[in-house]
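The values are calculated or read from the model by the stated rules, or taken from the named source; none is laboratory data. The model shown is predicted, which means the values in this text are computed figures rather than measured ones. Because the Cβ atoms are built from the backbone with ideal geometry, glycine has one as well, and the counts that use them run over all protein chains shown.
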């Protein structure tokens with residue numbers, strides 16, 4: 001098995017795991033911001049206990065600040081995603097996040113000083129109607145929700161490309177160290193946001209209920225730490241664009257997993273399956289287009 005094939009398998013496994021996050025979000029009683037705060041807090045505490053402290057101290061100040069900055073972007077991205085859900089709805093948030101592939105086709109070449117690949121731009125546009133079909137009815141009048149979601153998509157494209165740039169350096173930090181510093185950056189952002197949320201929403205609950213602790217553990221350890229680590233490993237061999245393109249399968253997995261686990265016999269319209277087909281064609285067509293039109297092997 002080649003390194004690139006193993007990287008794609010890691011990534012698809014991560015996307016499948018991320019498909020469970022919507023299910024866990026349904027099981028956990030907390031609202032979005034406290035949920036994300038506990039998620040990154042548990043991850044950071046776990047990594048502090050697991051990582052030898054000398055590995056973290058081994059980072060140069062410049063690299064620590066770069067990783068922390070990437071983590072801040074990750075945290076703002078999460079806030080934008082959940083903010084889009086709050087302002088509009090989940091369908092609007094997921095649909096707007098599908099623009100990440102389009103942004104990635106532009107930001108990755110810019111940050112890595114490469115030429116823009118026309119076929120990646122085309123795939124980034126091609127996947128948009130597929131995502132719209134998958135998420136179902138969308139109220140296109142919810143402009144503010146779309147704007148916030150699209151900002152989150154742009155940030156996702158930027159921090160993925162920045163991670164790719166760091167991983168391509170001569171001696172990149174170990175993936176677990178990168179995960180810790182970046183998740184810590186996300187914790188800083190959500191911690192700063194929490195007091196403002198409490199001030200404007202006094203009824204906001206921060207403490208998890210009894211069963212929330214179990215589901216938060218699964219969310220943090222299985223659906224955050226593991227895929228974060230594996231995605232960084234995968235990105236050593238595949239591009240940031242390919243990573244973001246594959247992540248578009250997450251809502252597909254999420255819908256199918258919810259239907260199986262909750263026996264929600266939702267009436268999936270033919271449009272859902274057409275949308276799935278479009279996304280699959282884009283995701284699995286990218287390696288073939290890359291091989292045909294690029295000098296990269």
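Residues of the stretch 235-254 being within 19 Å of residue 182 (Cα to Cα) and assigned to a loop (DSSP other than H, G, I, E, B), which ones?
Once the filter is applied, which keeps residues that are within 19 Å of residue 182 (Cα to Cα) and assigned to a loop (DSSP other than H, G, I, E, B), the stretch 235-254 yields 235, 236.
Residue pairs, Cβ under 9 Å, 6 or more apart or interchain, first in the stretch 265-283 and surrounded by fewer than 14 Cβ atoms within 10 Å (Cβ to Cβ), second assigned to a helix (DSSP H, G or I) and at pLDDT below 75. List them.
Hits for this filter: 265/259; 266/255; 266/258; 266/259.
Please find, among 67, 144, 73, 123, the residue that is exposed (fewer than 15 other Cβ atoms within 10 Å of the Cβ), assigned to a helix (DSSP H, G or I) and touching a residue at least 40 places away in the same chain (Cβ under 8 Å).
144
Return yes or no: is residue 80 closer than 14 Å to residue 184 by Cβ and in contact with a helix residue (DSSP H, G or I) (Cβ under 7 Å, 6 or more places away or on another chain)?
On the way: closer than 14 Å to residue 184 by Cβ: no; in contact with a helix residue (DSSP H, G or I) (Cβ under 7 Å, 6 or more places away or on another chain): yes.
The answer is no for residue 80.
Of 232, 226, 257, which residue is crowded, with 17+ Cβ neighbours inside 10 Å and in a helix (DSSP H, G or I)?
So the residue among 232, 226, 257 that is crowded, with 17+ Cβ neighbours inside 10 Å and in a helix (DSSP H, G or I) is 232.
Among what's in the stretch 7-19 and is surrounded by 20 or more Cβ atoms within 10 Å (Cβ to Cβ) and at pLDDT below 90, pick the residue that is nearest to residue 227 (Cα to Cα).
Ranking the candidates gives 15 first.
Test of understanding: among 23, 85, which residue is surrounded by fewer than 20 Cβ atoms within 10 Å (Cβ to Cβ), within 17 Å of the chain's Cα centre (by Cα), at pLDDT below 90 and over 28 Å from residue 238 (Cβ atoms)?
85
Condition test on residue 133, is it touching a residue at least 60 places away in the same chain (Cβ under 8 Å), over 25 Å from residue 174 (Cα atoms) and over 15 Å from the mean Cα position of the chain (by Cα)? Don't jump to the end; show me each part of the working.
On the way: touching a residue at least 60 places away in the same chain (Cβ under 8 Å): yes; over 25 Å from residue 174 (Cα atoms): yes; over 15 Å from the mean Cα position of the chain (by Cα): yes.
It is true that residue 133 is touching a residue at least 60 places away in the same chain (Cβ under 8 Å), over 25 Å from residue 174 (Cα atoms) and over 15 Å from the mean Cα position of the chain (by Cα).
For (1) more than 21 Å from residue 113 (Cβ to Cβ); (2) under 18 Å from the mean Cα position of the chain (by Cα); (3) modelled with pLDDT of 90 or more, each residue gets a yes or a no:
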position	(1), (2), (3)
138	yes, no, no
141	yes, no, no
144	yes, no, no
149	yes, yes, no
153	yes, yes, yes
157	no, yes, yes
163	no, yes, yes
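Could you please give the count of residues in the stretch 103-120 that are over 23 Å from residue 278 (Cα atoms) and surrounded by fewer than 18 Cβ atoms within 10 Å (Cβ to Cβ)?
Qualifying residue count for the region: 6.
Does residue 134 satisfy being buried (at least 23 other Cβ atoms within 10 Å of the Cβ), within 30 Å of residue 200 (Cα to Cα) and out of contact with any strand residue (DSSP E or B) (no Cβ under 6 Å at 6 or more places or on another chain)?
Against the criterion (buried (at least 23 other Cβ atoms within 10 Å of the Cβ), within 30 Å of residue 200 (Cα to Cα) and out of contact with any strand residue (DSSP E or B) (no Cβ under 6 Å at 6 or more places or on another chain)), residue 134 does not qualify.
Which residues, counting only those in the stretch 45-64, are without any contact (Cβ under 8 Å) to a residue 40 or more places away in the chain and part of a helix (DSSP H, G or I)?
Answer for the stretch 45-64, where residues must be without any contact (Cβ under 8 Å) to a residue 40 or more places away in the chain and part of a helix (DSSP H, G or I): 45, 49, 53, 54, 57, 61, 62.
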